[in-house]
1. Work out the FRET efficiency for Asn195 and Thr277 from their Cβ-Cβ distance, taking R0 = 22 Å, and round it to the nearest 0.05.
2. Among the lysines in segment 143-283, how many pairs, 8 or more places apart or on different chains, have alpha carbons under 23 Å apart?
3. Limiting things to C-alpha atoms, what are the Rg and the maximum Cα-Cα separation (Dmax) for segment 167-280, in angstroms?
4. Solvent-accessible area of Glu119, probe 1.4 Å, all protein chains present, reported in Å² to the nearest ten, please.
5. Taking R0 as 25 Å, what's the FRET efficiency between Ile111 and Tyr231 from their Cβ-Cβ distance, rounded to 0.05?
6. Under the rule of at least 5 residues apart or a separate chain, name every residue whose amide H is placed under 5 Å from the amide H of Val102.
7. Just subtract the alpha-carbon distance of Glu133 and Gln103 from 0.36 nm times their residue separation and send over the number in nm, one decimal.
8. Calculate how large, on average over all directions, the projected area of the Cα convex hull of segment 76-170 is; give the answer in nm² to one decimal.
Amino acid sequence: MARHGPVPFLGQAPTNIKLHQILKNPQQIISALPATRLYEELPQIPKFSALPGAILAANEGDDGRLALILDSTIFHPQGGGQPADTGFITAATDDSNFKFIVQDVRSKDGIVYHYGVVEEEDSGRDFLEKGREVLLHVDECRRKLNSRLHSAGHLLDGCLLNVGLGHLEPAKAYHFPDGPFVEYKGTVPQNELQNKQKELEVEANELISTGGIVSAAVLPYEEASALCGGYLPDYIPKGSTPRIVKLGNFPGCPCGGTHVSDISEIIIFMFAYASGTMKMAYNCGAQHKNTTCSE
């Protein structure tokens, strides 16, 4: 099951700590992986309110916004069809009221930029020096919704296999709340499209009702290929260590986004429409009565 578009190369896995240890102990990763993107190893918000980090640089972005670069981040930058996290960054000590509002996050050349404004500019800018310890607070409601929408797109990919549409290949995806969709290469006869749409929705909701573990791991190329059904897309360099996301019993696929921890957390899957160009729009009930921001 190929995935939607290129995924940034994620580099080598750490040599001093096993991946399964990282996933079981969120606190351990913070000290074990300096200058890393924690959102790749911790796709779900950990059960504590803030994650520590340190400022590496603070400067004006090309558009005039203030940009912070940190030694590690839990903020997911926009990319891979998923919108950026938002939230805020505070001082790690009680003797400062520093607060930086994170309005956007972008990644360029492997560096994650946190764009935003200092709530109290005068005291804030004095605070923005290299090495300053901070705490990172991600907007939990936004992250959970984005993760549900992204996982729902992957679930749609898997369901295609179960309803006889395995020949369709994901080409483009948009997992934003204002109209998520997946566009596929391939065709389905127009007279079958409506019935297949119904079959896909039923299949997806049955899988959501049953549930299934969602896992993410950075793996050696050959191991990643085996987990993805013996094939990796051409944009994954041979010899690299791609991050593989796996939903339940479906084959894995390369992905750098955030996801739910169990298929059941998608809650509900609803088709918006399917077009003859194989653009399948969907949503997962953002306003559903069972949707909550806390667990």
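1. Working: r = 18 Å, r/R0 = 0.82.
Computed FRET efficiency for Asn195 and Thr277 comes out at 0.75.
2. 16
3. When restricted to Cα atoms, segment 167-280 yields Rg and Dmax of 15.4, 44 Å.
4. Using a 1.4 Å probe on the heavy atoms, I get roughly 110 Å².
5. Numbers: r = 31 Å, r/R0 = 1.23.
Efficiency at R0 = 25 Å is approximately 0.20.
6. Close amide H contacts, sequence-distant or interchain: Gly87, Phe88, Ile89.
7. Details: separation 30, 0.36 × 30 = 10.80 nm, distance 2.01 nm.
Here the answer is 8.8 nm.
8. Working: hull surface 32.2 nm².
The Cα convex hull of segment 76-170, projected and averaged over all directions, gives 8.1 nm².
The values are calculated or read from the model by the stated rules, or taken from the named source; none is laboratory data. Just so you know, these numbers come straight off a predicted model, no measurement behind them. Every residue, glycine as well, gets a Cβ built from its backbone with ideal geometry; the counts of neighbours run over all protein chains shown. Side chains are part of the model used for accessible areas, which takes the heavy atoms of the whole protein and leaves out ligands, DNA and RNA. Shrake-Rupley method; radii C 1.70, N 1.55, O 1.52, S 1.80 Å.
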